[in-house]
Amino acid sequence: MAFKDGDFVKIEYSIWRGSDNMLVMTTDKKLAEENDIYDKEFKYEPRLVILGKDNMIKGVVDVLKNMNVGDKKKVEITPENAFGERIQELVRILPVSDFRKRDMNPMPGMQVEIDGAIATVKSVNSGRVMIDANHPLAGEKITCEIKVLEGINSTEERTKSVMEQYGLKPDKVKLDGKSVIITFGADTKKDGRYFIDKSSAVEMMISNMEIDKVIIQEEYTKEGKKDK
């Protein structure tokens, strides 16, 4: 049975740049290592896609709508259905003094935030800095290999899958009518990253699931007093 807008689908994928056939993205750690693009900060694991939302490029979503669990496809996707066409107006020249004022030493490849947008420093010459706010793959035709691992249907499993995408592992998930009760035990590290990820996950759930309320229960235990 094909998928439709609103469905939760877990996939593996790899993306090659059309201009030089170079692997640029993948959920496969081994493939990333073999192609010298391994990033220790990236989580090499299946990706949750919510069809009809903005967490995956249109070309991949269109392909998924004609796939089933277990299917694997390799397709070519045009720029307009991938990362968009390049927009020349997003390439700007700024004086290096603008960066010095922010205690920054601009270097090619560095990512910076300019006027609320993330841009890449392309060059630094004669006191001038060229930045590009286009996506690095803008204007590129890409080849994408997609494998569908599963469709996620129950509210409890959808809750767990959203939490996992933000690196969170609840001790318990319980459905009570239109409310989801999520429990994080005392062993869950509740640092600043936890609170940011938890907030993002809850927002994603409220926006994409047929629920009215998310209730978070957190357990804290004094050091040395954890249950045995």
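Values quoted throughout were computed directly from the atomic coordinates according to the rules given, and no laboratory measurement underlies them. The model shown is predicted, which means the values in this text are computed figures rather than measured ones. Note that we place each Cβ from the backbone using ideal geometry, even for glycine, and neighbour counts take in every protein chain shown.
Tell me the mean residue ellipticity at 222 nm calculated for the chain from its helices only (DSSP H runs of n ≥ 4, each -39500 (n - 2.57), averaged over every residue, nearest 500).
It comes out at -5500 deg cm²/dmol, rounded to the nearest 500.
When the Karplus curve 6.51 cos²θ - 1.76 cosθ + 1.60 is applied with θ = phi - 60°, which whole-Hz ³J(HN,Hα) does each residue of region 4-13 get, with x for Gly and Pro?
9, 4, x, 6, 9, 10, 9, 10, 10, 8
Using 0.36 nm times the number of residues separating residue 40 and residue 105, minus their current alpha carbon distance, what extension gain do you get?
Numbers: separation 65, 0.36 × 65 = 23.40 nm, distance 2.44 nm.
Once the chain is fully extended between residue 40 and residue 105, it gains 21.0 nm.
Please provide three numbers in whole Å: the alpha-carbon extents of region 154-228 along the principal axes, with the largest listed first.
41, 24, 16
Residue 189 label point, 7 Å along Cα→Cβ, cut-off 19 Å on backbone N: hits in region 146-178?
Those under the cut-off are 163-171.
Between residue 117 and residue 88, 0.36 nm times their residue separation minus their Cα-Cα distance comes to what?
So the chain would gain 8.9 nm between residue 117 and residue 88.
How high is the relative contact order of the chain, given as a whole-number percent (alpha carbon pairs under 8 Å, six or more residues apart)?
Relative contact order comes out at 21 percent.
What dipole magnitude, in Debye to the nearest 20, does region 159-216 give about its Cα centre under +1 on Lys/Arg Cβ and -1 on Asp/Glu Cβ?
Taking the Cα centre of region 159-216 as origin, the dipole is about 140 debye.
Putting +1 on Lys and Arg Cβ atoms and -1 on Asp and Glu Cβ atoms, find which of 214, 23, 67 reaches farthest to the positive end of the dipole of the chain.
Projecting each Cα onto the dipole axis, the largest value belongs to 214.
Rank 96, 142, 78 by how far each Cα sits towards the positive end of the charge dipole of region 66-170 (+1 on Lys, Arg Cβ; -1 on Asp, Glu Cβ) and give me just the farthest.
Comparing the listed Cα positions along the dipole, 96 ranks first.
Would you be so kind as to identify which of 195, 185, 155 lies farthest towards the positive end of the dipole of region 154-228, taking Lys and Arg as +1 and Asp and Glu as -1 on Cβ and the Cα centre as origin?
185
Could you work out how far helix 192-208 tilts from the main Cα principal axis of the chain, as a 0 to 90 degree angle to the nearest 10?
Taking Cα atoms only, the helix is inclined about 80 degrees.
Quick one: grab the alpha carbon gyration tensor of the chain, order the square roots of its eigenvalues as a ≥ b ≥ c, and give me rounded if a/c is under 1.5, else prolate or oblate depending on whether a/b is larger than b/c.
Because a/c hits 1.5 or more and a/b fails to exceed b/c, the chain counts as oblate.
Which angle from 0 to 90°, rounded to the nearest 10, does the C-alpha axis of helix 155-165 make with the longest principal axis of the chain?
40
Taking other Cβ within 10 Å of each residue's Cβ, how do 189, 29 sort, fewest first?
With the sparsest Cβ surroundings first, the list reads 189, 29.
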